[in-house]
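Chemist: Got a structure for you, written out below as structure tokens; questions coming shortly.
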Amino acid sequence: MARAKPRSLIEAISEIQILATVVKTGREIPENYLLLDRRIAYFEVGVKGALADGLISALFVPMSMGVLSNLVPIFGTLTPSLFDQLFSVLIAMAYGLGYNVMIGVNLGNCYYGKACRQAIDSIYSAMVTFNILKVILLFLLFHGLYGLLTPDWVDAKSDQLWPAWRVLMNQATAVEVQTWILNVREVLLLSSWFVVFSTAVSLIIPRIFFVRGSKYAELEHRRNMLYDGY
């Protein structure tokens, strides 16, 4: 009977931890133990994480930068406290940072043995590849929107859409919407660079855990060979 493929990061981590436990008892798992369908399944787990992070970044990074620039209100105020600013940044980075920390903490000590490394690298390579694509797309998107959303363009489009808007809002509210759009425009360039920075930081975290974990696992293996014979 074929094994069920891991559908989530937690399932993938659990499988790899089992493999690592076997390897650390001295039983070598052949490199071809992970068949193509398994490696693709691990790759898909990494892709899902990167895609979700991309969507969250596209929505919340501009909002966070707007809060830091005192252009977008948070908790009903345009003068956020330090806590409010940190909270807005945390929201923008929470998913990607949390996803990578979870991988690093749980799989760092598993980065040992050919099969385990192959499984972990399948997840991590997908995350790196699609996060690079995410950065490129969001960088182009934010710069493109900055060039598009000029005051003249927003004003012209507002006049065109006013017959439809007047059913939903009064003129004062429509002006507030225009102002909000122009405020968001002012932070799009900053947002594009923040995406680059936050993505780089997030992706470095698992690699640090992998390097440290592999060294610790090698040291543990040597101790086992010396004292326990495996």
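Every number in this text was worked out from the coordinates using simple rules, so none of it is lab data. Model, not experiment: these values are computed from the prediction. Heads up, the Cβs are rebuilt from the backbone with ideal geometry, glycines too, and the neighbour counts pull from every protein chain shown.
Chemist: Which of the peptides 115-122, 53-60 is most tightly packed, and how do the rest follow, judged by the mean count of other Cβ atoms within 10 Å per residue? Can you show the working numbers first?
Modeler: Working: 115-122: 22.2, 53-60: 18.1.
Highest mean packing first, the order is 115-122, 53-60.
Chemist: When the helix-only estimate is applied to the chain (DSSP H runs of n ≥ 4, each -39,500 (n - 2.57), divided by the residue count), what is the mean residue ellipticity at 222 nm, nearest 500 deg cm²/dmol?
Modeler: -28000 deg cm²/dmol
Chemist: Let me ask something else about it. Find the eigenvalues of the gyration tensor of the Cα atoms of region 64-178, then list the square roots of 5 times those eigenvalues as equivalent ellipsoid semi-axes, largest first, in whole angstrom.
Modeler: Values for region 64-178, descending: 42, 20, 12 Å.
Chemist: Could you please state, rounded to a whole Å, how far the C-alpha centre of region 114-184 is from the C-alpha centre of region 52-102?
Modeler: 14 Å
Chemist: Evaluate region 1-72: find the radius of gyration of its Cα atoms, find its Kirkwood radius, and give the ratio Rg to Rh. Present the calculation step by step, with values, prior to reporting the outcome.
Modeler: Numbers: Rg = 18.9 Å, Rh = 15.1 Å.
Rounded to two decimals, Rg/Rh equals 1.25.
Chemist: Same structure again: How much net charge surrounds TYR112 when only other residues with a Cβ under 10 Å from its Cβ are counted (Lys, Arg +1; Asp, Glu -1)? Mind dumping the intermediate values first?
Modeler: Numbers: positive: LYS24, LYS114, ARG117, LYS215; negative: GLU218, GLU220.
Surrounding charge for TYR112 is +2.
Chemist: Would you look at the GNM of the chain, springs on alpha carbons closer than 10 Å, and say which of LEU149, LEU97, LEU189 moves the most?
Modeler: Ranking LEU149, LEU97, LEU189 by mean-square fluctuation puts LEU149 first.
Chemist: From the cross-link list LYS24/LYS48; LYS24/LYS215; LYS48/LYS134; LYS5/LYS48; LYS24/LYS114, which pairs have alpha carbons spaced over 20 Å apart? Write down the numbers at each step before the final one.
Modeler: Details: LYS24/LYS48 30 Å; LYS24/LYS215 13 Å; LYS48/LYS134 12 Å; LYS5/LYS48 14 Å; LYS24/LYS114 12 Å.
Among LYS24/LYS48; LYS24/LYS215; LYS48/LYS134; LYS5/LYS48; LYS24/LYS114, the Cα-Cα distance tops 20 Å for LYS24/LYS48.
Chemist: To continue, here is another question. Could you tell me which label, among (1) 0.99; (2) 1.15; (3) 0.93, carries the value of Rg/Rh (Cα atoms, Kirkwood Rh) calculated for this structure?
Modeler: (2)
Chemist: What helices does the chain have that are whole DSSP H segments, at least 24 Å long along their own axis by Cα, and with mean Kyte-Doolittle hydropathy of 0.5 or more? Could the numbers behind the result be given before it?
Modeler: On the way: long enough: 36-68 (46 Å, 0.97); 82-107 (34 Å, 1.35); 114-148 (50 Å, 1.13); 188-227 (59 Å, 0.60).
Helix filter hits for the chain: 36-68, 82-107, 114-148, 188-227.
Chemist: OK, next. Which of VAL154, VAL61, VAL184 moves the most in a Gaussian network model of the chain with Cα springs under 10 Å?
Modeler: VAL154
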